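The values are calculated or read from the model by the stated rules, or taken from the named source; none is laboratory data. What you are looking at is a predicted structure, and each value in this text was computed from that prediction instead of being measured. Backbone-built Cβ (ideal geometry, glycine too); neighbour counts: all protein chains shown.
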């Protein structure tokens with residue numbers, strides 16, 4: 001009796017939050033799972049059954065070493081990233097370059113490295129973990145919004161290139177998630193910033209929304225559904241009343257939708 005081959009998955013940012021939840025879900029479903037962390041030895045709550053690899057998405061050598069250590073990969077979940085906020089005119093150039101290297105260029109490079117094997121084996125799944133902010137931009141989150149829009153753009157254009165080879169590419173856009181990301185967000189606000197009051201208003205609303213947000217496990221279930229679909233959809237959105245707000249986005253002018261997003265955050 002023949003058995004299906006064990007699929008191998010590589011999940012970036014698997015030390016906590018969405019990445020850890022996805023890694024755990026895939027282990028339960030019989031995948032061989034590699035998870036990544038900048039410092040695997042420092043992971044405080046490793047997911048049972050996950051082998052951790054070092055990965056610094058800002059370092060090309062680290063990305064190449066990670067891909068080599070993982071070997072042939074059937075599923076890549078590009079989840080690791082940085083959440084950044086601040087008025088655009090006050091974002092340091094170095095911070096902008098870092099968030100794009102972490103959230104976009106690193107994920108794209110890792111995808112480039114695993115795609116040839118997927119194509120040769122005629123099977124693969126690439127999931128870009130984005131954000132609903134890419135579809136519903138928010139003031140003072142411009143750099144983060146731009147990175148999430150960028151990886152969705154890469155995914156949308158790549159999809160047709162690799163679909164004839166059995167490789168599915170999809171973006172999963174979570175809304176507000178209760179994963180403690182509020183404490184890890186990098187922030188840039190000048191001491192005498194003219195935007196301080198509005199920025200703090202937005203941030204308080206954002207943090208409150210995340211406290212009431214969906215769990216990482218809920219997002220993980222959507223990501224697993226995308227991975228295991230025979231023909232993954234281009235976009236899956238989960239949380240923040242996604243079905244309703246995407247319907248409103250189709251029905252109303254974009255200017256109206258953007259005002260609704262702002263008002264939801266006190267602006």
Exercise for the section: Just give me the residues in region 132-160 being within 24 Å of residue 231 (Cβ to Cβ) and part of a loop (DSSP other than H, G, I, E, B), in sequence order. Expected result: 135
Exercise for the section: Look at region 32-90 and say how many of its residues are touching a residue at least 60 places away in the same chain (Cβ under 8 Å), more than 17 Å from the chain's Cα centre (by Cα) and buried (at least 20 other Cβ atoms within 10 Å of the Cβ). Expected result: 4
Handout entry: Unique match (being surrounded by 18 or more Cβ atoms within 10 Å (Cβ to Cβ), in contact with a strand residue (DSSP E or B) (Cβ under 9 Å, 6 or more places away or on another chain) and not in a helix (DSSP H, G or I)) among 126, 99
Key = 126
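Results for (1) touching a helix residue (DSSP H, G or I) at 6+ places or on another chain (Cβ under 6 Å); (2) modelled with pLDDT of 90 or more, shown as yes or no for each residue.
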site: 181; (1), (2): no, no
site: 191; (1), (2): no, yes
site: 203; (1), (2): no, yes
site: 207; (1), (2): yes, yes
site: 248; (1), (2): no, no
Exercise for the section: Go through 222, 201, 218 for me and flag whichever is touching a strand residue (DSSP E or B) at 6+ places or on another chain (Cβ under 6 Å) and outside any loop (DSSP other than H, G, I, E, B). Expected result: 222
Problem - Given (1) over 23 Å from residue 115 (Cα atoms); (2) crowded, with 21+ Cβ neighbours inside 10 Å; (3) touching a residue at least 60 places away in the same chain (Cβ under 8 Å), number of the condition residue 19 does not satisfy - result: (1)
Exercise for the section: Would you point out the residue of region 161-191, among those that are part of a loop (DSSP other than H, G, I, E, B) and without any contact (Cβ under 8 Å) to a residue 60 or more places away in the chain, that is surrounded by the fewest Cβ atoms within 10 Å (Cβ to Cβ)? Expected result: 191
Problem - Some residue of region 214-235 being over 18 Å from the mean Cα position of the chain (by Cα) and modelled with pLDDT under 90 - result: no
Exercise for the section: Kindly provide the set of residues from region 253-267 that are surrounded by 13 or more Cβ atoms within 10 Å (Cβ to Cβ) and either free of Cβ contacts under 8 Å to residues at least 60 places away in the same chain or outside any helix (DSSP H, G or I) (or both), ordered by number. Expected result: 259, 260, 264, 265, 266, 267
Exercise for the section: Take region 1-15 and flag every residue that is crowded, with 16+ Cβ neighbours inside 10 Å and either more than 20 Å from residue 104 (Cα to Cα) or in contact with a helix residue (DSSP H, G or I) (Cβ under 6 Å, 6 or more places away or on another chain) (or both). Expected result: 7, 8, 9, 10, 11, 13, 14
